[in-house]
Amino acid sequence: MAPGVTEQHNGELHRDYTEDRAAKSQDVVYTTANGAPYPHPYEAQRAGSNGPLLLQDFHLIDLLSHFDRERVPERVVHAKGSGAHGFYRTTDSLEDLTSADIFKAGKECPITVRFSTVGGEQGSHDVARDPRGFSVKFRTEEGNWDMVANNTPVFFLRDPAKFPHFIHTQKRDPSTHLTHADDSTMFWDYLSENPESVHQVLILMGDRGIPDGYRHMHGYSGHTFKLINKNQEWVYAQIHFKSQQGTKFITQEDSHSYGPDYAQKDLYFAIEEGNFPKWDVCVQTVTPKQAEEMWEKQKINVFDLTHVWPQGQFPLRKVGEFTLNENAKNYFAEVEQVAFSPSHLVPGIEPSADPVLQSRLFSYADTHRHRIGVNYQQLPVNAPRVPYKMGNFQRDGAMAFYNQGSRPNYLSSIEPISFSKRTVDLDKTHAHFVGEAVTFLSEIRPEDFNAPRALWEKVWDEPARERFISNISGHMENCKHEEAIKRQIGIFREVSEDLASRLEKATGKKGYPGIAGLSFNGTHNGMAKDKANRGANGVDPTFSAGGSNGGPVSGTHNKAMLNGAFEGTNGKH
C-alpha cells in the first residue's frame, strides 16, 4: 500500500525531466497545464451551441494565452541554427599546460553543440554567404565550459564598441527594410570605413563563405584564452576544432539549388542514419615571452581578433575529440534554449586581455538573461552536471526551477556553506597590468594586410581567386554608394594590386590607389600621408591608438612570467 500524504515528504514531489523527455505520446494523459485531465483538446465552452465563449473555460484560455507567448526573442546574432548532443573525450593529456580536469588523459563529458549563421534571422537561408557559429557546451565535472567559436579564425573588428554598430549594418535597412542581398550599401559602407575587416572579408567572400553544411567546417575560438597549470604557470591559447569529415564548400552559383534548411537537414539525418560527425580538439599556445616577441618582431598581436598565429611557427597540439550522436527530441527546449557564453569557464582556463573577448564575457550572458530569463542556467539543457551538490546565494527571479531549500541566502556563520580550495592564483595570472585609464581605438597599419595578402597570393589557387572576384563583384552590384566601392577597392589594393585591378575590371569602378590618402570614420589611419587624415572622425589619435596598437609590448608581462617554465616553443617544457 502506498504511504498516505501525511507519511510522505510532500515537498519532494516533482516531475522528472529525463523521464518526461523520453516518454512517448502513448505513455501520457492529456491534461491542462495544472495537471487536470481533459477529454479533448479541440473543445470550447459556449453559452449554447450558437452563443459566445465562456471566460470560465480555463482550458481554452490557457491554450490561447500560452500560444500567444510561445516565442522567446530570437538571438540578435546567430538566430538561425542547428544543434545536437554528443560526447567529448581527451585523447592526449594537456596536464602540463592546464589544471582543467577535463583535459586529463581519458576524461570524458557530455556536450551540446549549436551551429548557426551569424547575420540572418530565424527563417533565413542555411546557405547564405555568412560566417558560421560553432559553439560547444562541455559539461565537465568542474562545471560547464562553453567554447563560443566561429568557422573563421578571425573576425571583422578588434574594437569592442564597434560590434553593435557592425551588426546593425548586416541587418535590414531601417528605411527599405531590405537585407544586403538586395541592398548592400550599408554592408560596404561599414567595411570600407573599417579596413581591419579585410582579412575576414576575403574569407567571407571566398570559398569558406558558404560551407557545405555544418559537418564539413572547422571551428576556431578566434579569441585568446589562458591555460593555467597546477604550478600556476600559464600560456596564451587558442582553441581549434578540426572536422574529421574534411571541409567542403558550396559555390555562389550552386547555392541557389539548395533548400533553406539544407544544413539542418544534413546534420539531423546524418546523425539519425548513424553517420556521426566528429571533430578533433586542438590547442595553439604561445608563452608570454613569445607573445611579446611576436608583436615586437612580427607585429602579430595575440589580443587582436583580426590576427592569426602562424601554425608553422606555433603548431596545433591535439588534446581530444568530440562526436555528435544524438539529435534533440525537442528543438526549442534543447537548441533554441541552449545558452553559450565565453564567460562560462572552468578552473585552469581563463580569459586574456583580448578586448572583444572581454566585452563578450558580459554581453553573452546578459543577452541570455534578457532572452530566456535570469535563471537561464537552471534550464535542463544549460544546467551543469557536476558530482557535487551545487549551492549559491541566487534566489528568486522568473522561472527559478531549483529550490535551494531553507539554506541561508547569505554567507552565514550559523549554517555555513562549503567551499572548494582555490586552484588558480589570479594574482599571478591577472595582476601584471599597470597603467592609466585611456580611451582606446585601434588604427590600421601595414601589418594588418600581411595575413590577407598571404591568403590571396599563397593559400588560394587561381580558380579560388576567380570565384572570389565573382562573388564580391556580384554582391557589390547592389551597393548604391559608389564611394564605398572605391574605398573598398583601395583597401584591397593594400592586400594585392592584382586583386584590386581584377575587381576594378569586374565592377567597372576605379578604386583609390591605396589608403594613404584616405581617412576613415571607424578607425585611425596609421598609413595616412597627411596627418589630417590619420584620426578617425577627426579624433586625435595621440590619445587613442598609442604606440602599441593594443599589442603586448616588451614589459607587458612581469619577469617571473617571462622566465618561468614555459620558455620552449609552443609552450612545452
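The values are calculated or read from the model by the stated rules, or taken from the named source; none is laboratory data. Computed from a predicted model, the values in this text were never measured in an experiment. Because the Cβ atoms are built from the backbone with ideal geometry, glycine has one as well, and the counts that use them run over all protein chains shown. Each accessible area value is taken on the protein alone, full model and side chains, heavy atoms only, with ligands, DNA and RNA left out. Shrake-Rupley method; radii C 1.70, N 1.55, O 1.52, S 1.80 Å.
If you take the residues in segment 283-315 that are among the polar types (S, T, N, Q) and part of a loop (DSSP other than H, G, I, E, B), which one is surrounded by the most Cβ atoms within 10 Å (Cβ to Cβ)?
Kept after step one, since they are among the polar types (S, T, N, Q), are these residues of segment 283-315: 284-285, 287, 290, 298, 301, 306, 311, 313.
Narrowing the set further to residues that are part of a loop (DSSP other than H, G, I, E, B) leaves 287, 301, 306, 311, 313.
Details: T287: 26, N301: 23, T306: 24, Q311: 12, Q313: 14.
Residue satisfying both the conditions and the ranking: T287.
Tell me, please, whether a residue that is free of Cβ contacts under 8 Å to residues at least 40 places away in the same chain and in a helix (DSSP H, G or I) can be found in segment 184-193. Please lay out each step first, then the result.
We begin by selecting, within segment 184-193, every residue free of Cβ contacts under 8 Å to residues at least 40 places away in the same chain; these are 186.
Keeping just the survivors that are in a helix (DSSP H, G or I) gives 186.
Looking for residues that are free of Cβ contacts under 8 Å to residues at least 40 places away in the same chain and in a helix (DSSP H, G or I), one finds at least one in segment 184-193, hence yes.
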Checked segment 82-121 for anything hydrophobic (A, V, I, L, M, F, W, C), part of a strand (DSSP E or B) and open to solvent by 20 Å² or more (accessible area, probe 1.4 Å); matches are F87
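Just checking, how many residues over segment 239-282 are hydroxyl-bearing (S, T, Y), part of a helix (DSSP H, G or I) and open to solvent by less than 50 Å² (accessible area, probe 1.4 Å)? Steps first, answer last, please.
Within segment 239-282, the first condition is being hydroxyl-bearing (S, T, Y), and the residues that meet it are 243, 247, 251, 255, 257-258, 262, 268.
Imposing the further condition that a residue be part of a helix (DSSP H, G or I) reduces the set to 255, 257, 262, 268.
With the extra rule that they be open to solvent by less than 50 Å² (accessible area, probe 1.4 Å), the set shrinks to 255.
So the count comes out to 1.
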Restricting attention to segment 501-510, the residues that are open to solvent by less than 50 Å² (accessible area, probe 1.4 Å) and within 34 Å of the chain's Cα centre (by Cα) number exactly 2
Quiz item: If you go through segment 329-339 one residue at a time, do you hit one that is part of a loop (DSSP other than H, G, I, E, B) and aliphatic (A, V, I, L, M)?
Solution: yes
Considering only helices (runs of 4 or more DSSP H) wholly within segment 436-500, the ones with at least 2 residues that are open to solvent by less than 10 Å² (accessible area, probe 1.4 Å) and touching a helix residue (DSSP H, G or I) at 6+ places or on another chain (Cβ under 7 Å) are 462-476, 482-495
Quiz item: Does any residue of segment 514-537 turn out to be exposed (fewer than 13 other Cβ atoms within 10 Å of the Cβ), at pLDDT below 85, among the polar types (S, T, N, Q) and in a helix (DSSP H, G or I)?
Solution: no
Margin query: Criterion first (touching a strand residue (DSSP E or B) at 6+ places or on another chain (Cβ under 6 Å) and open to solvent by less than 30 Å² (accessible area, probe 1.4 Å)) does P342 satisfy it?
Written below: yes
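One line per residue, one yes/no per condition, for (1) in contact with a Lys or Arg (Cβ under 9 Å, 6 or more places away or on another chain); (2) of a type in the set (A, V, I, L, M, F, W, C):
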position: A291; (1), (2): no, yes
position: M294; (1), (2): no, yes
position: D304; (1), (2): yes, no
position: V319; (1), (2): no, yes
position: A333; (1), (2): yes, yes
Log entry, pairs with first residue in segment 5-29 being open to solvent by less than 80 Å² (accessible area, probe 1.4 Å), second being at pLDDT below 80, beta carbons closer than 8 Å, six or more apart or on different chains, reads none
Looking at the structure I just gave you, is Q200 under 30 Å from E462 (Cβ atoms) and open to solvent by 40 Å² or more (accessible area, probe 1.4 Å)?
no
Of the conditions (1) acidic (D, E); (2) within 30 Å of G517 (Cα to Cα); (3) buried (at least 22 other Cβ atoms within 10 Å of the Cβ), the single one that D146 does not satisfy is (2)
